[in-house]
Every structure is written in structure tokens, then in C-alpha cells.
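This report refers to the structure that appears directly beneath it.
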There are 2 protein chains.
Amino acid sequence: MSKLVIVGTVAFDAIETPFGKTNKILGGAATFIGLAASQFNIDASIVSVVGGDFPQKYLDLLSNKNIDISGIEIVKEGKTFFWKGKYHNDMNSRDTLVTELNVLADFNPVVPKNYRNAEVVMLGNLHPLTQLSVIEQMECKPKLIVLDTMNFWMDNALEDLYKVIKKIDVIAINDEEARQLTGEYSLVVAARKIHEMGPKYVVIKKGEHGALLFNNDNVFYAPALPLEEVFDPTGAGDTFAGGFAGYIAKTGDTSFENMKKAIIYGSTLASFCVEKFGTERMESLSNKEVQKRLQQFKNLTQFEIELT
Amino acid sequence: MSKLVIVGTVAFDAIETPFGKTNKILGGAATFIGLAASQFNIDASIVSVVGGDFPQKYLDLLSNKNIDISGIEIVKEGKTFFWKGKYHNDMNSRDTLVTELNVLADFNPVVPKNYRNAEVVMLGNLHPLTQLSVIEQMECKPKLIVLDTMNFWMDNALEDLYKVIKKIDVIAINDEEARQLTGEYSLVVAARKIHEMGPKYVVIKKGEHGALLFNNDNVFYAPALPLEEVFDPTGAGDTFAGGFAGYIAKTGDTSFENMKKAIIYGSTLASFCVEKFGTERMESLSNKEVQKRLQQFKNLTQFEIELT
């Protein structure tokens, strides 16, 4: 079993979907990643920053999931990062209504000493230079560094983003971001171009259409579980990434075959995340429920064909 | 092994894609379905109509693939159905530039006598009443009737379409058509509503995102093979349907487990169809190539996870 370092936001979200709306609730990339990774009973540490307004109960919630929160800085006089968004009827697109960076504006991540030898690093969506700083604090070369990012940084900090991309092993981005990053419509060609930028593994998330894993000529396709209803997509991508990184940390195996399983775990966990608002579903999720849904994934995708 | 009846257009297509354009070439739903089904060395018959302008070499091409063409009526003084279309850059949408119904306007399908006991019937996209007429000509109840249709008939002949849908076993439509037919965005809910209209099996084609097979609570998801380049999507959906129906006819097995395999064969054949203009790739396709690509599909989708 390996240690996992997670860097990303711990935040307040306010969400509006066709099914309802919330006040400020617990959110943030690192929160969702941590909750997903906690399913694997590994040593995981979140590196983040919150303000004095951040409720102790949220910190306790993470601690109670065995997540090390010593790397979450609390800026007493500051306010916690806040995001407010509204999903359209198709749930595939959303408008950001409010983004208040608050304490995130001056965030200097500090990886706890006892996690600087972690073998797996999960860089949640943040400024590329913040992500880079975490990599530089590691005392041993990690077995696997996984990067999440988004189009915002391609628009506003592309050169910095290239620097991070050069140093990581797995990039996890969505299809539109892969197209923007490479200027290629074909995801196969886009993945090849991203390989050339550095990452040996490219994960392209396609939302309700699943996710692709590329490693040069090897490709794996995990569908998303067809759901009757997507209640709230917030955090699904982070949950996917957290499931992926958590499974790799748990098994300590970075082979392509094992990454396939990590993708399936990520998809499985993400399928729960969208069932309720925010982190609600992930907070109560049991291993028994996960195992049952993994069986559904097998039924969904596995077939027997004898070749002649 | 079962006999297969195919009804649909045998036509001229003129196609423009970002990669080039063609003059009038061989096209039509029944043509693509037939070529796909011919991979299984079954007794298959096309029921269709062409004009006196239809080249003998195209008929020979079908005959040489062991497709029975005695059900293709030739109206000497008439002209063959013609479709001209232009694909947009993303290859997922297209404009129809010309549709000339010609001899199709008065098409009365006649199923050859020795095919009226066929166990599998594949109804390619046509007016619902034409499809219904084929069903009514069958002398024994077929084991499986598969229906393809499109939004055009939902807009213009919905009541007739409902009548056909009630009488068939498998409907194969794309995601937008499933949404239009049911008024439901969620494909899971849409499939359930379509079940209530009659079909026990619902296949929802999602283009580059693959296809879903629903049978009440059973779901199967076959991804499309990620391709470097889609040269010409024309006929891909028909090829998928032809592969599906052909495999069922070959095996005579209509269980859900076998339909999974049929879906994989359909996806595999469709992945070839898009590699060249029109029917070109399907004309030269060998079983060895198909088997090799099936192996790629297995690599793409199969994984081992032990549940606890």
C-alpha cells in the first residue's frame, strides 16, 4: 500500500440543478478526491487551504474518513473559496454564477513532512504553478503523478501548464479540454499529441459517455453507468480521479492492466457521486454498495466472443 | 442458421466530407445492411426497388456476396433513389442537399416466396407502412424482427410508426431519436418508455460514443472503437444493424447474452465502414480483418476485477 497526496480546493459550493438548489455546502476538488480515495483505506493527505469560516464539522468529516488534514491550512481571518453554479436541463453544461477565490488567491501548498515520500500524487484542478510546487516538495520521485486541470488554465496559464504536464505521468481531462489543448478533433490523435508533451498515460473523460485510457497504442474504454437520473454532476470528475488515484495507491501497481481497473473504480464511484447534492452520497457510501455496482459494471461491459 | 430478410433502400449516394467528395456511388440502407450481413455466410435476401439507371455491376456486386437479389424490383422506366449529403467538420452532423425519391415513391415491397419463412427480418429505414407490409407478408412468425427508423418518420408518420413499433422485437435508433420518440432526456427512461410501446429490446446508437442495448433491467454498453479518422460515416448505422441482424441469423440465438455479441459484431463492422467512402471498405472486408478487430474490441473493453 502506498501513501497518497492530494492537492486541490476544499471549498463551499452552492448548486442549482433542475431538481433543486442548495445553500453553501461542502465542496472542492480535494474534498471529492479525498472522499473517493477513502474507500480504499489508504494513507491519504489533503493539501489545501480554507478560511476561518470553514466549519469544524467539515474538517471532522474528512478526518473521520481517515484522511490526514494536517496539510489543510486554516487562514483564520480569511474566507473559504466559494463556487456557485447552475446546471442546464441536459446536465452536461453549466453556468458559473459566482467564483470567490478568497484564501485560495494566496495559497502556498505545504505537503506534510511525513507525506513527502508518498508514492502517488493527485494534483486536483488548481493553478499549474501551485501543482508544480507540490511536485517540487516531494523528496522521493513518486511512482505516479496524476494531473487534473481545465480549460481555464489553457486560456490563462498555458506556459505554466505545459511545465506541469511535462512532469506528470497521467493526465485526466475531458474531451473538450483534450481538443483545446491539442487543436485536434480526433481523441486518438489528441491523446498522441498529449503523449508527446510528456504524460505516458492520457485519460479522457467524456461525462455520460464514459472515459478513455490511452498508453501509446493501448486503449481502454470504460463506459459510464447509464443512469435514470443525474441529480447533481458536481464533483463527478474529481470523484473519478480520486477513485483512480486511490486504487493505484492501494495496489501500488502502475501497469496498464491495473490502470484499467482503476478507471473502472473511478467510474463506479463517480456514478454514486451524482445521485445526491454535493458530497452527500459519498459520505455514506459503503464498500458493499461499491462492490454491488462493480458487478453492474461487469454486466454492462463484459462479453464472451470466441475468435476464429 | 436462419434466413434473413432485409428491406430498405438500394440507392445512389453522393457524399461530401472534409476529406473529399464523390459522384453518384452505390448506397442505400439495404445495401449496407446486406454487405454487413454477408460477413456471416447466411441466406440473406434484399427487398428493394431500383430504376433502369441502376448499373448491373452493382447488382452483381451484391450477388457475388451471396445476397439474394430476386426481391429487388427493377423499374426500367424509373430512376433510382438518390441522396446527396455533406458532412460538417465534426462528422457528427450533416446536411442533406438532395433527396430524390424516384422509384421509391411507389415502392411496394414483395418478399420472395422462399424467404417468407425467414426467422430474422431486418427492416431498414423506410416509410413505416412499407415496413409493416413486409411483416405482413411473412408466413411464419419470425424469431426476431429488427427495426431501424429515423426522426423523419416521427415528424411525418408517427401513428404509422407506432403500429410498426408494436410488432417488432428490437428497435435500433440513435440517442436523439430515442429522446424525440419518448420526450425523455435520460436514455434509461427513454428505453423503458419504448419497451412499453412494444419492443422487448431497445438498441440506442450513440455514434462515436458506442451503443446501448436494453432489455428491461439488463443493460449492455458497447463502445465504438476510437478511430484516428472517420473518413465517411455514411452507412455506419446500417452496417451496425446489418452486423447485428446477421449475427443473430447466423447463430439463431436471441438470448440477451447472444445479443451482446451481436452488438459487438455490429460495432466492429461499423468501424470498418467509416474508413472509406460509401461501401468501398465493406466490399473488400475479409473475415481475418474482422477477427483481428474483434480482438481490439476485447482489449478495449475487457478487464478483470475480483469482487470482495
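The values are calculated or read from the model by the stated rules, or taken from the named source; none is laboratory data. No experiment lies behind these values; they were computed from the predicted model shown. All Cβ positions, glycine included, derive from the backbone under ideal geometry; neighbour counts span all protein chains shown.
Could you check how many residues of region A:194-207 are more than 10 Å from chain B (Cβ to nearest Cβ), without any contact (Cβ under 8 Å) to a residue 40 or more places away in the chain and buried (at least 17 other Cβ atoms within 10 Å of the Cβ)?
Counting residues in region A:194-207 that are more than 10 Å from chain B (Cβ to nearest Cβ), without any contact (Cβ under 8 Å) to a residue 40 or more places away in the chain and buried (at least 17 other Cβ atoms within 10 Å of the Cβ) gives 3.
Checking B:Leu161 against (1) surrounded by 16 or more Cβ atoms within 10 Å (Cβ to Cβ); (2) at the interface with another protein chain (Cβ under 10 Å from one of its Cβ atoms); (3) in contact with a Phe, Trp or Tyr (Cβ under 7 Å, 6 or more places away or on another chain), which test does it fail?
It is condition (2) that B:Leu161 fails.
(1) touching a strand residue (DSSP E or B) at 6+ places or on another chain (Cβ under 7 Å); (2) closer than 21 Å to B:Ile33 by Cα: which one isn't true of B:Phe214, the others all being true?
With (1) touching a strand residue (DSSP E or B) at 6+ places or on another chain (Cβ under 7 Å); (2) closer than 21 Å to B:Ile33 by Cα applied to B:Phe214, the lone miss is (2).
Which number in (1) within 27 Å of A:Tyr221 (Cβ to Cβ); (2) more than 20 Å from the chain's Cα centre (by Cα); (3) of a type outside the set (D, E, K, R) marks the one condition that A:Asn89 misses?
If we test A:Asn89 against (1) within 27 Å of A:Tyr221 (Cβ to Cβ); (2) more than 20 Å from the chain's Cα centre (by Cα); (3) of a type outside the set (D, E, K, R), just (1) comes out false.
Looking at region B:65-82, is at least one residue at pLDDT 95 or above, outside any loop (DSSP other than H, G, I, E, B) and polar (S, T, N, Q)? Give the derivation first.
Our first condition is that a residue be at pLDDT 95 or above; within region B:65-82, this holds for B:65-82.
Next, only the ones that are outside any loop (DSSP other than H, G, I, E, B) stay: B:67-68, B:72-75, B:82.
Adding the requirement that they be polar (S, T, N, Q) leaves none.
No, region B:65-82 contains no residue that is at pLDDT 95 or above, outside any loop (DSSP other than H, G, I, E, B) and polar (S, T, N, Q).
Go through (1) in contact with a Gly (Cβ under 6 Å, 6 or more places away or on another chain); (2) under 18 Å from B:Ile15 (Cβ atoms) one by one and return the number of the condition B:Gly243 breaks.
(2)
Restricting attention to region B:271-286, does a residue exist that is farther than 25 Å from A:Tyr265 by Cα and within 11 Å of another protein chain (Cβ to nearest Cβ)?
No.
Hey, any hits in region B:30-39 for a residue that's aliphatic (A, V, I, L, M), surrounded by fewer than 24 Cβ atoms within 10 Å (Cβ to Cβ) and in contact (Cβ under 8 Å) with a residue 40 or more places away in the chain? Spell out how you get there, then give the answer.
Applying the first criterion (aliphatic (A, V, I, L, M)) to region B:30-39 yields B:30, B:33, B:35-37.
Next cut, surrounded by fewer than 24 Cβ atoms within 10 Å (Cβ to Cβ) only: none.
There is no residue in region B:30-39 that is aliphatic (A, V, I, L, M), surrounded by fewer than 24 Cβ atoms within 10 Å (Cβ to Cβ) and in contact (Cβ under 8 Å) with a residue 40 or more places away in the chain.
When you scan region B:108-121, do you find a residue that is under 22 Å from B:Asp13 (Cβ atoms) and touching an Asp or Glu at 6+ places or on another chain (Cβ under 9 Å), even just one? Talk me through it step by step, then tell me what you get.
So the first thing to find is which residues in region B:108-121 are under 22 Å from B:Asp13 (Cβ atoms), and the list is B:109.
Then keep just the ones that are touching an Asp or Glu at 6+ places or on another chain (Cβ under 9 Å); that gives B:109.
The answer is yes; a qualifying residue exists.
Only one of A:Thr268, A:Thr234 is crowded, with 23+ Cβ neighbours inside 10 Å, within 13 Å of another protein chain (Cβ to nearest Cβ) and under 24 Å from A:Ile25 (Cα atoms). Can you tell me which? Before the answer, list the steps.
On the way: A:Thr234 fails: within 13 Å of another protein chain (Cβ to nearest Cβ).
When all the criteria are applied, what remains is A:Thr268.
Hey, could you check region A:213-227 for residues that are more than 19 Å from the chain's Cα centre (by Cα) and more than 7 Å from chain B (Cβ to nearest Cβ) and say which is surrounded by the fewest Cβ atoms within 10 Å (Cβ to Cβ)?
Result: A:Asp217.
For region A:115-144, give me each residue that is assigned to a helix (DSSP H, G or I) and free of Cβ contacts under 8 Å to residues at least 60 places away in the same chain. Write out each step before concluding.
Initially, region A:115-144 is screened for residues assigned to a helix (DSSP H, G or I), giving A:115, A:128-137.
Within region A:115-144, A:Pro128, A:Leu129, A:Leu132, A:Ser133, A:Ile135, A:Glu136, A:Gln137 qualify.
Restricting attention to region A:1-24, which residues are surrounded by 17 or more Cβ atoms within 10 Å (Cβ to Cβ) and assigned to a strand (DSSP E or B)?
A:Leu4, A:Val5, A:Ile6, A:Val7, A:Ala11, A:Phe12, A:Asp13, A:Ala14, A:Ile15, A:Thr17
Sort out which residues of region A:287-308 are more than 9 Å from chain B (Cβ to nearest Cβ) and of a type in the set (A, V, I, L, M), and write them in order of number.
Once the filter is applied, which keeps residues that are more than 9 Å from chain B (Cβ to nearest Cβ) and of a type in the set (A, V, I, L, M), region A:287-308 yields only A:Val290.
Could you please let me know if A:Val103 is within 21 Å of A:Asp13 (Cβ to Cβ) and either touching a helix residue (DSSP H, G or I) at 6+ places or on another chain (Cβ under 6 Å) or at pLDDT 95 or above (or both)? It would help to see each step written out before you state the result.
Numbers: within 21 Å of A:Asp13 (Cβ to Cβ): yes; either touching a helix residue (DSSP H, G or I) at 6+ places or on another chain (Cβ under 6 Å) or at pLDDT 95 or above (or both): yes.
Yes, satisfied.
Taking A:Asp90 and the conditions (1) modelled with pLDDT under 95; (2) part of a helix (DSSP H, G or I); (3) among the charged types (D, E, K, R), which numbered condition does it fall short on, given that it satisfies the others?
Against the list (1) modelled with pLDDT under 95; (2) part of a helix (DSSP H, G or I); (3) among the charged types (D, E, K, R), A:Asp90 comes up short only on (2).
For region A:191-216, name all the residues that are more than 22 Å from A:Gly266 (Cα to Cα) and of a type in the set (Gly, Ala, Ser). Lay out the reasoning, then the answer.
Quick first cut of region A:191-216, residues more than 22 Å from A:Gly266 (Cα to Cα) only: A:192-193, A:196-198.
Within region A:191-216, A:Gly198 is the sole residue that qualifies.
Looking at the structure I just gave you, is B:Glu77 exposed (fewer than 13 other Cβ atoms within 10 Å of the Cβ) and under 30 Å from B:Asp155 (Cβ atoms)? Full working, then the answer.
Details: exposed (fewer than 13 other Cβ atoms within 10 Å of the Cβ): yes; under 30 Å from B:Asp155 (Cβ atoms): no.
No, not satisfied.
Go through region A:21-42 and give me each residue that's over 17 Å from the mean Cα position of the chain (by Cα) and under 21 Å from A:Glu119 (Cβ atoms). Write out each step before concluding.
Of region A:21-42, the ones over 17 Å from the mean Cα position of the chain (by Cα) are A:21-25, A:41.
A:Asn41 - this is the single residue of region A:21-42 that is over 17 Å from the mean Cα position of the chain (by Cα) and under 21 Å from A:Glu119 (Cβ atoms).
What about A:Thr239, is it buried (at least 22 other Cβ atoms within 10 Å of the Cβ) and of a type in the set (Ser, Thr, Tyr)?
Values: buried (at least 22 other Cβ atoms within 10 Å of the Cβ): yes; of a type in the set (Ser, Thr, Tyr): yes.
Here the answer is yes, as A:Thr239 does meet what is asked.
Report, by residue number, each residue of region A:84-113 that is without any contact (Cβ under 8 Å) to a residue 60 or more places away in the chain and over 30 Å from B:Arg179 (Cα atoms).
Those that are without any contact (Cβ under 8 Å) to a residue 60 or more places away in the chain and over 30 Å from B:Arg179 (Cα atoms): A:Thr99, A:Glu100, A:Leu101, A:Asn102, A:Val103, A:Ala105, A:Asp106, A:Phe107, A:Asn108, A:Lys113.
Going by the conditions given, is A:Gly210 facing chain B (nearest Cβ under 8 Å) and closer than 14 Å to A:Ile173 by Cα?
Yes, satisfied.
Determine whether B:Asp53 is without any contact (Cβ under 8 Å) to a residue 12 or more places away in the chain and either exposed (fewer than 14 other Cβ atoms within 10 Å of the Cβ) or part of a loop (DSSP other than H, G, I, E, B) (or both).
Numbers: without any contact (Cβ under 8 Å) to a residue 12 or more places away in the chain: no; either exposed (fewer than 14 other Cβ atoms within 10 Å of the Cβ) or part of a loop (DSSP other than H, G, I, E, B) (or both): yes.
No.
Out of A:Ala191, A:Ala178, which single residue is within 14 Å of another protein chain (Cβ to nearest Cβ), among the hydrophobic types (A, V, I, L, M, F, W, C), outside any strand (DSSP E or B) and out of contact with any Phe, Trp or Tyr (no Cβ under 9 Å at 6 or more places or on another chain)?
Details: A:Ala191 fails: out of contact with any Phe, Trp or Tyr (no Cβ under 9 Å at 6 or more places or on another chain).
Matching residue, one of A:Ala191, A:Ala178: A:Ala178.
Of the residues that sit in region A:80-97 and are surrounded by 15 or more Cβ atoms within 10 Å (Cβ to Cβ) and within 14 Å of another protein chain (Cβ to nearest Cβ), which one is farthest from A:Phe54 (Cα to Cα)?
The extreme case among them is A:Met91.
Quick grid of which residues meet (1) closer than 30 Å to B:Thr17 by Cα; (2) in contact (Cβ under 8 Å) with a residue 40 or more places away in the chain; (3) polar (S, T, N, Q):
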{"residue": "B:Phe214", "(1), (2), (3)": "no, no, no"}
{"residue": "B:Tyr221", "(1), (2), (3)": "yes, no, no"}
{"residue": "B:Leu225", "(1), (2), (3)": "yes, yes, no"}
{"residue": "B:Ala245", "(1), (2), (3)": "yes, yes, no"}
{"residue": "B:Phe256", "(1), (2), (3)": "no, yes, no"}
{"residue": "B:Val274", "(1), (2), (3)": "yes, yes, no"}
{"residue": "B:Leu285", "(1), (2), (3)": "yes, yes, no"}
{"residue": "B:Asn299", "(1), (2), (3)": "no, no, yes"}
